[in-house]
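S.K.: The structure follows.
The values are calculated or read from the model by the stated rules, or taken from the named source; none is laboratory data. Predicted, not measured: the structure shown is a model, and the values here were computed from it. Positions of Cβ are backbone-derived with ideal geometry, glycine not excepted, and every protein chain shown enters the neighbour counts.
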Amino acid sequence: MKYSAGIWILILTEDAHKIEYIPEQKLKYLNLQDRISDLIGTVLERVKAIKAVLINYSEDQFQKSIPLSLKNKTSFVARSNDCEIFYDEVTQKVRVSRDEQKFPLKVLIVDDSATMRAILKKIIQSDSRFQVTHETGSPNEALNLIRQNEFDLITMDLHMPEMTGADLIKLYFAEKKIPTVVISSLRAEESDLVLQSLENGAVDYLQKPEQSHLSDVGHEIIQRLLTAASAQVSSHHTTIKNTRHDFRSVQGLLCIGASTGGTQAIKNVLQQFGAHIPPTVIVQHIPAVFSKAFADRLNQLFSFEVKEAEDGDLILPDRVLIAPGGKQMRVVRSGSGMKVRVEEAPPVNRHKPSVDYLFRSVVDFCDSVRVVGVILTGMGADGAEGLFQLKQRGAYTVAQDEKTSVVYGMPREAVERKAVKKVTSVFNMAEEIFRGFGPER
């Protein structure tokens, strides 16, 4: 999607009620440089049945230039100085607006630090769509509160007396599957606990905010919590069946991209391959401190190799290379084969690593190598454009279905852009991947 400078106003008419992905033709864009009030008034007269008006503006510009009539006509207003963040915010607000009767979302904060509970409560309750109804520093008390009350969202500390946050999630997920976000310091030594929490059912993980940086991180935390609250959660205990197909003779390249919910989805996909897997490269949106632990954890589970990619690693059968957090990864030629380049490059779609960055690097290989591109669960649009380019060049492209996605954002975006040949359950992914490498695809 193209953006230009200035103040953006998006007017969503009543017939545009798609969730998360908003078709471009359903939106009316105006780049307002001056005479803001007059222009908005004209638009309001011209567009009937306004469902929502979402504006990118500075607070000062809004107070001085946006008429009261506009404020009164909006269902909600989005604010951001970054157009890409703004678009994510718009799609998120439209998606959750379907279910406005659920607001305010009831939140339980679990953290043994009273200071951190106060900080989180201040951030969360700054948005009227949330209400912190309970907070506690005791895992045992939290378990009782969960059994006695109904919550829409839980924020979870990792290190607490009595038990870890990961163990607590496992306990209450056996009774109630409540969207849960781990609030972590994102240190390397916490990697295993964070990954264990995600395996036990947590939807996402966030950096613990600091009092001095609340204005910087509050907006992102709110958006991530909104996404988590609407996520489809499960206890991840679905039985995984190995594919009946033998991948030893498969020649080609498998490319996978994922974000929110992706650590478990990737594990579910890899579990289906048995002893052998095609040459595979993966981008999972993940902090730098967690990517190696994630790869090492997977490597312990399978007979094929799973490793955090290093610059120059060869792409080989029975090897899975996972992009390191905070770096970009692309595929390049290496003699008659392929290798990865891991590099310090700018973010793409605000992400390092980026799925689009990887997928686009593979496009030129489609003429000489069978390529299968897979987009899994995640928020946003990263990977959709790259997957579309792969499909245009002959790659077989697959998206995870909505039913098994924790967040049906990236897959939906790819489907809406007609970048996907097949949509399937995450638990049937290896079957579809094998079909993609076959002659009758």
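S.K.: If Lys177 passes every condition in (1) over 18 Å from Leu206 (Cα atoms); (2) crowded, with 22+ Cβ neighbours inside 10 Å but one, which one does it miss?
M.R.: Result: Lys177 passes all but (2).
S.K.: Within the stretch 265-277, identify whether any single residue is at negative phi, surrounded by fewer than 24 Cβ atoms within 10 Å (Cβ to Cβ), of a type in the set (Gly, Ala, Ser) and out of contact with any Ser or Thr (no Cβ under 7 Å at 6 or more places or on another chain), and answer yes or no.
M.R.: No: the stretch 265-277 contains no residue that is at negative phi, surrounded by fewer than 24 Cβ atoms within 10 Å (Cβ to Cβ), of a type in the set (Gly, Ala, Ser) and out of contact with any Ser or Thr (no Cβ under 7 Å at 6 or more places or on another chain).
S.K.: Scan the stretch 383-401 residue by residue and report those that are within 16 Å of Leu253 (Cβ to Cβ) and among the polar types (S, T, N, Q).
M.R.: Correct list: Gln389, Thr397.
S.K.: Please go through (1) in contact with a helix residue (DSSP H, G or I) (Cβ under 8 Å, 6 or more places away or on another chain); (2) free of Cβ contacts under 8 Å to residues at least 40 places away in the same chain; (3) surrounded by 24 or more Cβ atoms within 10 Å (Cβ to Cβ); (4) not charged (D, E, K, R) for Thr424 and return the number of the only condition it doesn't satisfy.
M.R.: (3)
S.K.: Another question, if that's okay. May I ask you to list the residues in the stretch 146-165 that are surrounded by 13 or more Cβ atoms within 10 Å (Cβ to Cβ), assigned to a loop (DSSP other than H, G, I, E, B), touching a strand residue (DSSP E or B) at 6+ places or on another chain (Cβ under 8 Å) and not aromatic (Phe, Trp, Tyr)?
M.R.: Within the stretch 146-165, Asp152, Asp157, Leu158, Met160 meet the criteria.
S.K.: For residues in the stretch 180-216 being among the acidic types (Asp, Glu) and not in a helix (DSSP H, G or I), which is surrounded by the most Cβ atoms within 10 Å (Cβ to Cβ)?
M.R.: The qualifying residue surrounded by the most Cβ atoms within 10 Å (Cβ to Cβ) is Asp204.
S.K.: Can you say whether Glu162 is over 21 Å from the mean Cα position of the chain (by Cα), at pLDDT 90 or above and not basic (Lys, Arg), as far as the supplied structure shows?
M.R.: yes
S.K.: Return the residues of the stretch 272-327 that are closer than 23 Å to Phe434 by Cβ, in contact (Cβ under 8 Å) with a residue 12 or more places away in the chain, polar (S, T, N, Q) and in a helix (DSSP H, G or I); say none if nothing qualifies.
M.R.: Gln272
S.K.: What is the one condition in (1) more than 25 Å from the chain's Cα centre (by Cα); (2) surrounded by fewer than 17 Cβ atoms within 10 Å (Cβ to Cβ); (3) charged (D, E, K, R) that Lys339 does not satisfy?
M.R.: Looking at each condition in turn, Lys339 falls short on (2).
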